[in-house]
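Please read the structure below before turning to the comments.
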Amino acid sequence: MQNNKEMEKEGIGKKVLIIGHKCYRCNHAWRPYDLEEAPRVCPKCKSPYWDRPRQEKKRR
Ligand SMILES: [Zn+2]
């Protein structure tokens, strides 16, 4: 038998993984009001490329 109670605890209390966005530039993580609608810029560093790696090499 697996410990289902531990599963239920996940997401509540300590060591909670916040479901949100994290900026690639400044590593700033935040939780938006609406997860489906991502902000255009990072609220901290105002970078429009917060959701992308710094240098994305395009091979094409
Ligand atoms: Zn940022």
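We did not get these values from a lab; they are worked out from the coordinates using the rules stated. Bear in mind that the values here come from a model prediction, so they are computed numbers and not experimental data. Don't worry about glycine lacking a Cβ; one is built from the backbone with ideal geometry, like all the others, and counts go over all protein chains shown.
Tabulated values for the structure
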item	result
Contour minus Cα-Cα distance for Lys14 and Glu36 (0.36 nm per residue)	5.4 nm
Gained length - Lys22 relative to Lys58, 0.36 nm times residue gap less alpha-carbon distance	10.7 nm
Local net charge near Tyr24, Cβ-Cβ under 9 Å (Lys/Arg +1, Asp/Glu -1)	+3
